[in-house]
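What follows is a set of notes on a single structure, which appears directly below.
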Amino acid sequence: VPSWDEPAYKATFALQATVPSGQMVVSNMPATATEDLGKGLTRVRFAPSPVMSTYLLFFALGDFERATTHAGATELGVITRRGALSQAAFALESSRTVLHEFNDYFGVQFPLPKLDNVAAPGSGGFGAMENWGAILTFEHTLLLDPTISTQSDKQRIFLVAAHEIAHQWFGNLVTMQWWDDLWLNEGFATWMGERTTAKLHPEWNTALSAVSGREWAMALDALASTHPVVQKVETVEQAEQAFDAITYRKGGAVIRMLEGYVGADAWREGVRSYMKAHAYGNTVSDDLWRQIEAASGQPVTAIAHEFTLQPGVPMIRVGESSCSDGNTTLQLAQDEFTRDRPGKAALAWRVPVIAQVLGNPTPVRMLVSGGQAQLTLPGCGPVLVNAGQSGYYRTLYPQAQFVALRDRLVQLSSLDHLGLMNDTLALGLTGLQPASDYLELVAATPVGADPQIWGDITSDLSGLDRYYRGDAARQATFRAFTIRQLTPVLARVGWDAQAGESGPVAILRTQLIDTLGALGDAAVIAEARRRYAAQSSDPAALPVALRKTVLAVVAMHADAATWTQLQAAAVSEKTPLVKDQMYLLLASTRDEALARRALALALTDEPGATNSPRMITVVSGQHPDLAFDFAINNKAKVDGMIPGLGRSAYFPRLGSGSLAPAMVGKLRAYADAHVAAGSRRDTDTAINNVIDSQRVRDMHLPTIDAWLAAHGGRPGRTDPGE
């Protein structure tokens, strides 16, 4: 394409293409003319695009079908391979409701005459791309296949559609000046997608997902290899690496915090002014902060600079509290949370804090500035800091205050329950409080707690289990505790859906079965195997909502005969979404010999071009050292599966879950041989993760072991083959 491929060099594009007659051609703008050239060829001309950055240019050709609807003056379309159009109905309706919402929120109408969403087969290592007027979304994130799709798939389709449609304003209409400010695209689309999903589908209760997303960012941001939200990008590799959890998740979390600080109405007024002032242009972050300050009258720029121009996670240390005349007074001190630099001198942030005495309806807001603050709150009792969980920081309580919150866990909102658990686990795994405090909170969580609380607990306990890899005896004790905690929750939600149950309950069911199966729960494995075996004679044994989950348990614990049977099913499967899923399941096996078979299969043409690298990644979840060594030993072939810019991230991530000391040297050797010195962030992050995992295993698992011993920890019912 003749262009200067930098975001600030915008241009208009007038495309014409000569294509096979009978196939559909799609670009950013509608087609304005077609001409039959004979000999099976047609020339198609498209209307000129608005002025836009080159990376948004789109062209697709295929045996497609298209369905349409309207949102105001905009024609909305979904485009799929022939025969799959009905599976995109939910995505089309979702796009319509989202576009209505965004037209109102931004105060600027979507400026193009049409907005298509094009379903692509396979997986490109991401979910979607926000090309103006022609979003590309991979089928697994756009289509609801009636034979395998779940409630989680449905919610992901809506969230991704909202994220990509938000980009039509943040990124497409107003574009960052340079890749340094990529977060102006991705952070805002993340925040806007989550905000809109929570508003338009309150029955999904997705507000808790923002807290979980914040954890993903903090895990990276607490390592030495982190970077600021606004970062210096000098090479194409660095631009590629900028698409990470700091840019997306921390960016979105900082926006959520600042919106909470200035108020939702003032924030929206500032965003509207920003859109109108910079439409079709390019901006830097300060252009936004000026508009927010003008709308709110608050010192947003100074706060935003500290959270976006410097890396790291603030930590609020809560001092002892006292109560007098019906008010509680406590001291707060600002520190920094880090996973791998104990004793590091803390950076300084102005931290917006919201705190509340449990049982008192009145929260207090203040800015912790200069490292110290005194807070006075109405009411007497335990104080919850970061009430509502809008702040991007960790909270460290004195042990007595932690115990008081633990003992009143049922008084916390689901958001604050989740926030307390996340902080406790992260702080425990760095030694800032006992690691066993997290298990105290798990044990104190009622069986009937919010399904997403139990979903998060399920994920975190599964994560802790990985630290025990290679130590069967200690792992059996930890698994016994986990199975005892999760089994009553599964008994409550049951294996089969109940009429009228909520989406979060349906998702929790699959999470529990998947995790209990992964932890070797003999009863869950047996039931999954029974349902799998009975599916041909009893359709009710394997309902669509459970099919993916049951297959996952069976595949993970497969013997050679079952694995071969699953492979044969994958070969014969005609539905692309199901076929893709089957090949990933083959790679999830616990058995090392079968994992080697999956890796060998990944180098063949059988799984499909985009499934092969994903299979190696899935193997790395159970066997990181095996997958990394295999990929390096077959690097020439694996390179052919990975787009060039993605290789510097792909290989290190395979080894990042290892507990082996030798992996650090292997990762460094890979980087020395294949990655430019200024483009090694992904390798550095993988190395830091390996070192941190070894530290957690050696220094903090003994605290958990001691707690389990003191609380009757003992091996439970696990599968005899484990």
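Data for the structure
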| item | result |
| --- | --- |
| Unmet requirement for V108, which otherwise passes all of (1) over 22 Å from the mean Cα position of the chain (by Cα); (2) free of Cβ contacts under 8 Å to residues at least 40 places away in the same chain | (2) |
| Qualifying residue in segment 469-487 (condition: closer than 20 Å to V524 by Cβ, assigned to a helix (DSSP H, G or I), out of contact with any strand residue (DSSP E or B) (no Cβ under 7 Å at 6 or more places or on another chain) and among the charged types (D, E, K, R)) | yes |
| Selected residue [small (G, A, S), more than 17 Å from the chain's Cα centre (by Cα) and open to solvent by less than 10 Å² (accessible area, probe 1.4 Å)] from A119, A162 | A119 |
| Test: residue in segment 625-641 that is closer than 23 Å to M556 by Cα, outside any helix (DSSP H, G or I), in contact (Cβ under 8 Å) with a residue 12 or more places away in the chain and open to solvent by less than 30 Å² (accessible area, probe 1.4 Å) | no |
| Residues that are assigned to a loop (DSSP other than H, G, I, E, B) and either touching a residue at least 60 places away in the same chain (Cβ under 8 Å) or polar (S, T, N, Q) (or both), drawn from segment 317-350 | T338, R339, D340, R341, P342 |
| The listed residue being under 24 Å from W495 (Cα atoms) and either in contact (Cβ under 8 Å) with a residue 12 or more places away in the chain or in a helix (DSSP H, G or I) (or both), out of K548, K579 | K548 |
| Qualifying position, being among the β-branched types (V, I, T) and more than 25 Å from G503 (Cα to Cα), among T69, T137 | T69 |
| Filtered residues of segment 551-576 (kept if among the hydroxyl-bearing types (S, T, Y) and not in a helix (DSSP H, G or I)) | T575 |
| Considering residues of segment 636-690 that are polar (S, T, N, Q) and in contact with a Leu (Cβ under 7 Å, 6 or more places away or on another chain) only, the residue farthest from P613 (Cα to Cα) | N688 |
| Segment 276-301, residues that are surrounded by fewer than 19 Cβ atoms within 10 Å (Cβ to Cβ), of a type in the set (A, V, I, L, M) and under 22 Å from W179 (Cα atoms) | A277, A279, V284 |
| Matching residues in segment 312-334 - criterion: being under 30 Å from H700 (Cβ atoms) and either among the β-branched types (V, I, T) or buried (at least 20 other Cβ atoms within 10 Å of the Cβ) (or both) | G312, V313, P314, M315, I316, V318, S321, L330, L332, Q334 |
| Every pair of residues 6+ apart whose Cβ atoms lie under 6 Å, when the first sits in segment 268-296 and is within 18 Å of A166 (Cα to Cα) and basic (K, R) while the second is at pLDDT 95 or above and open to solvent by 20 Å² or more (accessible area, probe 1.4 Å) | R272/G107 |
| Count of segment 565-597 residues which are among the polar types (S, T, N, Q), open to solvent by 50 Å² or more (accessible area, probe 1.4 Å) and farther than 18 Å from S536 by Cα | 0 |
| Conditions (1) closer than 27 Å to D181 by Cβ; (2) open to solvent by 40 Å² or more (accessible area, probe 1.4 Å); number of the one not met by L41 | (1) |
| Selection count, segment 202-227, where residues are of a type outside the set (K, R), closer than 21 Å to R681 by Cβ and assigned to a helix (DSSP H, G or I) | 8 |
| Residue count for segment 63-105, restricted to those that are farther than 15 Å from F158 by Cα, open to solvent by 10 Å² or more (accessible area, probe 1.4 Å) and not β-branched (V, I, T) | 16 |
| Residues (touching a strand residue (DSSP E or B) at 6+ places or on another chain (Cβ under 6 Å), under 21 Å from V174 (Cα atoms) and outside any strand (DSSP E or B)) located in segment 276-316 | H278 |
| From the options L409, L396, L384, residue that is closer than 12 Å to V357 by Cβ, in contact (Cβ under 8 Å) with a residue 12 or more places away in the chain and open to solvent by less than 30 Å² (accessible area, probe 1.4 Å) | L384 |
| Count - residues of segment 5-38 that are among the aromatic types (F, W, Y) and either in contact with a strand residue (DSSP E or B) (Cβ under 8 Å, 6 or more places away or on another chain) or surrounded by 12 or more Cβ atoms within 10 Å (Cβ to Cβ) (or both) | 1 |
| Test result for S679, more than 25 Å from A552 (Cα to Cα), buried (at least 23 other Cβ atoms within 10 Å of the Cβ) and either touching a residue at least 40 places away in the same chain (Cβ under 8 Å) or within 21 Å of the chain's Cα centre (by Cα) (or both) | no |
| Residue match in segment 447-457 (condition: buried (at least 22 other Cβ atoms within 10 Å of the Cβ) and farther than 17 Å from A207 by Cβ) | yes |
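The values are calculated or read from the model by the stated rules, or taken from the named source; none is laboratory data. None of the values given here were measured: they were computed from a predicted structure. Please note: Cβ atoms are built from the backbone with ideal geometry, for glycine as well, and neighbour counts cover all protein chains shown. Ligands, DNA and RNA are excluded from the accessible area calculation, which covers all protein heavy atoms including side chains. Shrake-Rupley method; radii C 1.70, N 1.55, O 1.52, S 1.80 Å.
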